[in-house]
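Asker: Structure provided below as structure tokens; questions to follow.
The values are calculated or read from the model by the stated rules, or taken from the named source; none is laboratory data. Note that the structure is predicted; figures quoted are calculated from it, not measured. We place every Cβ from the backbone using ideal geometry, glycine too, and count neighbours over all the protein chains shown. Each accessible area value is taken on the protein alone, full model and side chains, heavy atoms only, with ligands, DNA and RNA left out. Shrake-Rupley method; radii C 1.70, N 1.55, O 1.52, S 1.80 Å.
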Amino acid sequence: FSVLLRFPLGMATVSSIKTIGLRHESKSEHERRCALVPSDLKDVLQDSGCSLVVQPSETRCLPIKDFEDLGAKVSADMSDCDVIMGIKEVPKNELLANKTYCFFSHVIKGQPYNMPLLQKLLDLKTNLFDYEKLVNERGQRVVAFGKQAGQCGTLNGFNSLNLRLAALGKENPFDICKQAKEYPNLATAKADLTAVGQKIMANGLPKDMVPFVVGVSGKGNVASGVFDVMSALPCLKEWTPAEMQANMASGSYDDKSIYMVVIDGGDLYELKENPNASEFTFQAFGEAPEKYTSPIPRFLPSMTMFINAVFWRNEWPKFITQECLKEQWEKGERKLLVISDVTCDIEGSVEVTVKSTLPDMPSFVYNPSTKAIKDGYEGEGVVIMAVDILPSEQPYESSCAFSGALKPLMGDFLKADFSVPFDELKLPAVWKGACIVYHGELTPSYEYLKPHIEKHKDYVEE
């Protein structure tokens, strides 16, 4: 994507940015990440000549002294800052007029709960750049927390399995698996999984867990984090969905292995009228998703845990519906113990994710028969892990990875003159495409949000 990250030859600007502000993440007490870490900020400040203001924070994963050592001013007041950078949405009452903001706004799908925020950004004549829309010429995101979400979601999945087995009073080879936030770093977490795998290889799994199958949807950035953590298990073997079905039928499995089944591409979706069609293309699927369904319900009865780690759109078929899980549950197909829904789309691809959760109560039990939910790990049903800020559970490593990807883009951004009209704004495409609001107006690519704003501008969360 390098062609998008630099200005065209001959392009020159006079920067309007003199001071960078780094926010305290005030949306959630659990949010400890930071958009730019001191080791990267050092070069950004040196190259741009900008000054830095950092809001004090008791929760940020990095000590304030690290920023002070760069010459930063520590102040809750961001009024002197030209650009204000954070991670999560800025609460409406904390927004300042005529500022340039960079954060994950969660507005591009017209999300009702954030339309009042978008309206406020318009009213205050701000500029808004959304990290989610920083993409290369292939449409791939260039800064993201996807891999870290996959890592933390996998750790939380095994922790949920541990606590569910304990609640059921069952033999539990996963009893040392902790929640992601309880580990000082990823290496320590992986060491625990390695120990679990070694114990399984030595002693075998309880009979009612054999074969132990973990389904994973996707092969993208989020799934790469899942694979990274799963690879710490020395007892791990991989099956394709077809191999899983064949081996389950023939009994070709053992009690000293954990089998990972990766479901992607044509294994995620199939034609309703011709499920055995051999060729699947995303082009055909994208043109008529209503003609497709997901075969994942057929795979679930063989799985102990399912990790959902793939992008999904509202118009696409769901992977796990409330109805299909109810049918299986009432037929006695109850091998599935945990769903770790890393994507966390409420009633989305995993329809039984009926709410998101926070790190202090990451899971709930969903009863397929009654649709009742109960926080924790006790009760009849399947455990759903649905933390929607997963990377915050490993905040330091997540912040370093995100900052490292953002740093190369900052030079061009900080050179820009934001006083000119949008069509004269000299930014590389990677940044200009991420600009949702400019001078208090929706930019051309995001004018589709106007009816969403009008419909939901007075939205009040229950």
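Asker: Need one word for the range 215-305: rounded, prolate or oblate. Basis is the Cα gyration tensor (sqrt eigenvalues a ≥ b ≥ c); a/c below 1.5 gives rounded, then a/b vs b/c decides.
Answerer: Details: a/c = 2.87, a/b = 1.53, b/c = 1.88.
Oblate is the answer for the range 215-305, as a/c is 1.5 or above yet b/c matches or exceeds a/b.
Asker: Ignoring ligands, DNA and RNA, what percent of the 1.4 Å accessible area of the chain is carbon and sulfur?
Answerer: Roughly 48 percent of what the probe reaches on the chain is carbon or sulfur.
Asker: Please work out the average accessible area per residue across the chain, using the 1.4 Å probe convention, and give it in Å².
Answerer: 44
Asker: Let me ask something else. For the range 312-386, state which trypsin sites (Lys or Arg not before Pro) are in a DSSP loop and have at most 10 other beta carbons lying within 10 Å of their beta carbon.
Answerer: Working: sites: 313, 318, 326, 331, 334, 335, 355, 371, 374; in loops: 313, 318, 331, 334, 335, 355, 371.
Those that pass, being in a loop and sparsely packed, are 331.
Asker: Shape of the range 253-373 from its Cα gyration tensor (a ≥ b ≥ c, root eigenvalues): rounded if a/c is under 1.5, otherwise prolate when a/b > b/c, or oblate?
Answerer: Working: a/c = 1.64, a/b = 1.33, b/c = 1.23.
Here the range 253-373 falls in the prolate category.
Asker: Test of understanding: what is the full-extension gain from residue 369 to residue 202, defined as 0.36 nm times their sequence separation minus their Cα-Cα distance? Don't skip to the answer; put the middle values down first.
Answerer: Values: separation 167, 0.36 × 167 = 60.12 nm, distance 3.80 nm.
Contour length minus the Cα-Cα distance gives 56.3 nm.
Asker: Using 0.36 nm per residue, how much length does the chain from residue 109 to residue 326 gain when fully extended, once their Cα-Cα distance is taken away?
Answerer: 75.1 nm
Asker: Distance between Cα centroids, the range 48-111 to the range 316-395: provide it in whole Å.
Answerer: 34
Asker: Add +1 for every Lys or Arg and -1 for every Asp or Glu among the other residues with Cβ under 10 Å from the Cβ of residue 346, and state the total.
Answerer: So the environment of residue 346 carries a net charge of -4.
Asker: Taking a ≥ b ≥ c as the square roots of the eigenvalues of the Cα gyration tensor of the range 64-154, is the shape rounded (a/c under 1.5), prolate (a/b larger than b/c) or oblate?
Answerer: Values: a/c = 1.82, a/b = 1.12, b/c = 1.62.
Because a/c hits 1.5 or more and a/b fails to exceed b/c, the range 64-154 counts as oblate.
Asker: Same structure, new question: Near residue 326, within a Cβ-to-Cβ distance under 15 Å, what is the net charge of the other residues, with Lys and Arg +1 and Asp and Glu -1?
Answerer: The answer is -3.
Asker: Percent relative contact order of the range 254-311, based on C-alpha pairs within less than 8 angstrom and at least six residues apart?
Answerer: For the range 254-311, the relative contact order is 32 percent.
Asker: Could I ask something else about it? Please state the relative contact order of the chain as a whole percent: Cα pairs under 8 Å, 6+ residues apart? Walk me through the intermediate numbers first.
Answerer: Numbers: 904 pairs, mean separation 103.2, N = 462.
22 percent.
Asker: On to the next question. Add +1 for every Lys or Arg and -1 for every Asp or Glu among the other residues with Cβ under 14 Å from the Cβ of residue 99, and state the total.
Answerer: Working: positive: 18, 23, 92, 120, 125; negative: 77, 80, 82, 94, 123.
So the environment of residue 99 carries a net charge of 0.
Asker: A further question on this structure: Magnitude of the Cβ-charge dipole of the chain, K/R +1 and D/E -1, about the Cα centre, nearest 20 debye?
Answerer: Details: 49 positive and 62 negative charges, 72 e Å.
So the magnitude is around 340 debye.
Asker: Also, quick follow-up: Per residue of the chain, what 222 nm ellipticity follows from adding -39500 (n - 2.57) for every DSSP H run with n ≥ 4, rounded to the nearest 500?
Answerer: -9000 deg cm²/dmol
Asker: Under Stokes-Einstein, with the Kirkwood radius over Cα pairs standing in for Rh, what whole-number D in µm²/s applies to the range 92-241 at 25 °C and 0.890 mPa s?
Answerer: 132
Asker: Restricting to Cα pairs below 8 Å that are 6+ residues apart, what does the relative contact order work out to for the range 120-234? Please round to a whole percent.
Answerer: Computed over the range 120-234, the figure is 30 percent.
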